[in-house]
Amino acid sequence: MPAALAGPLERIRSALSTISLGQRVVIGLLTVGLVLGGFFFYRWITAPTYAPLFSNLASTDASAIVEELGAAGVAYELADGGATIMVPNEQVYDLRLSMSGKGLPAGNDTGYALLDEQGITTSEFQQQVSYQRALQDELAKTLESLEGVRTAVVHVALPEDEVFVSDEQEPTASVLLDLAPGTSLGSGQVQAVTNLVSSSIEGMDPEQVTVADSSGAVLSAPGQGVTAAAGDARSQMEQDYEARLAANAQAVLDPILGPGRARVSVRADLDLDQRNTTSETHVYEEGTPPISESTTTEEYTGNGAAVGGVLGPENQPDAAGGAGESSYNKESTTSNNAVGTVVETVEAAPGTINRLTVSVVMDEAVAGNLNQAQIQDLVGNAVGLDVARGDDITVASMAFDTTAADRAAEELAAAAEAERQAQLWSMVKTGGIALGIALLVLVVWLRSRRREYGEEDDYEPLELTDDVLAELDRIRIESTRAVPVADNAALELEAAERARVRGEIAAMVSEKPDEVAAMLRGWLSESGTGGKA
């Protein structure tokens, strides 16, 4: 063993030989804990941070990339069911360049990249089909970026452009969405899908887009708008309005009866139809000059016999005859007056209340002395009741069944008590462990103190011979002062005697080490006391 290590190892062995078994156990446990903590900390600090290398990969591309990474010895992780490959963050860009040099991911040209493959010999039909495929792929990519949509398939039906057709067909589209597990699209999200698709295709109306999910539920269909599969907007609006009115009424009753002593139910019939009304009114103001005016006059003056007699075969001329003057005068006036025209267009917003019905039930245990007419007025004012509109309100007091509430309260109390007991036992366990550790440390400390100071009282005094006592006394004295030099013969005899006595002392130390150590500590303490004195 090297000399540089011999000294430290010897000191370590001597230090370990002086401590007790309990101290060794504690030191060993601490050492093991430090080693394990250091190991886990090292593993945590040296663990690489992973970042996506590629995502939304086809199975063939993912398999090829994994084979390349395995051959290169690069650590990787798979996510999203194998569609995403994660690699250490510091290697992402190098690996992307490396995989691109090997043609990975190969994939398929989609979207508007399909239009790059067309040549001068491409027919008009091929151009139309390629454009339609590119449009469908681009729309699918756009919809897949929505939260909760894993994959999207879009089919577009574009009518052919014809010159001599007056009634053109409208383009239509169908969308199939594969949603993530536990995800459902609301009416607003379905409306966003239909608007995205229709806005991307010229001449398409949002109502011409059909949306369905992978389970076969129709989310939107032509002529139906957003269906019940995506959430009924009408029902949701009515529910929100009813909940707001019920909360207003409940806020009035709770301070009077107490929380949980009254229930209010509101049913609102809303008219969510949107109407546009256009009215045209003609207005004439007195005194306004006419736009145009025309007058016609007829006059006649002449003389001659008047024609008379009875028609028929027996008609005979009047023998008396007749003669005189006659005149005729007629005048008519036509005026075109200026008339004002008022055109009024009214757009009625949806949400008009057709009728409200309110039901109020109170616990008769607290509502026995209340005036129900006052309660009815208070609740009616809180919800905005209009009797002329046909609204109705009913107020009644009945006995409430509090069995479920009492059981729930008992369960809550039991849960709180169990939690309190668990916390108490956790504190007891923690305190017990801490107390055990403290007792272990105290016992180890007391034993070390006892061995250091008071252990000599536990051993019986050694029975030593006079020679041994004299030699020990001489050694003790020589340790405190210098020994005078004697002649050689005396030194040789004395050395032999010392060797014999030391042999006996060595044998005694090997047989009774604790007693010898206690005695030596006593001598040393006496020597220290004497030196100080």
Considering amide H positions built from the backbone, and no H for Pro or chain starts, which residues 5 or more places from Asp391, or on another chain, come under 5 Å of its amide H?
-> Leu356, Asp386
Ordering of 75-82, 242-249 by burial proxy (mean other Cβ atoms within 10 Å per residue, highest first) | 242-249, 75-82
How much of Ile256 can a 1.4 Å solvent probe reach, expressed as accessible area in Å² and rounded to 10?
-> 80 Å²
Most to least packed among 191-197, 95-101, 376-382 [average Cβ atoms within 10 Å] | 191-197, 376-382, 95-101
Work out how much length Glu90 to Ala243 would gain on full extension: take 0.36 nm times their residue separation and subtract the Cα-Cα distance, in nm to one decimal.
-> 49.7 nm
Amide H neighbours of Phe54 under 5 Å, at least 5 residues apart or on other chains, H built in the peptide plane: list them.
-> Ile85
Positive minus negative residues near Gly81 (Lys, Arg vs Asp, Glu; Cβ under 13 Å) | -2
Charge tally in the Cβ shell below 14 Å around Ala152, where Lys, Arg are +1 and Asp, Glu are -1, Ala152 excluded | -4
Amide H neighbours of Ile353 under 5 Å, counting only residues 5+ apart in sequence or on other chains, H built in-plane at 1.01 Å?
-> Asp271
For Leu356, what is the net charge nearby, where nearby means another residue's Cβ is under 14 Å from its Cβ and Lys, Arg count +1, Asp, Glu -1?
-> -3
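The values are calculated or read from the model by the stated rules, or taken from the named source; none is laboratory data. Predicted, not measured: the structure shown is a model, and the values here were computed from it. Quick reminder, even Gly has a Cβ in these numbers, built from the backbone with ideal geometry, and neighbours come from all protein chains shown. Heads up: the accessible areas ignore ligands, DNA and RNA and are worked out on the full protein's heavy atoms, side chains in. Shrake-Rupley method; radii C 1.70, N 1.55, O 1.52, S 1.80 Å.
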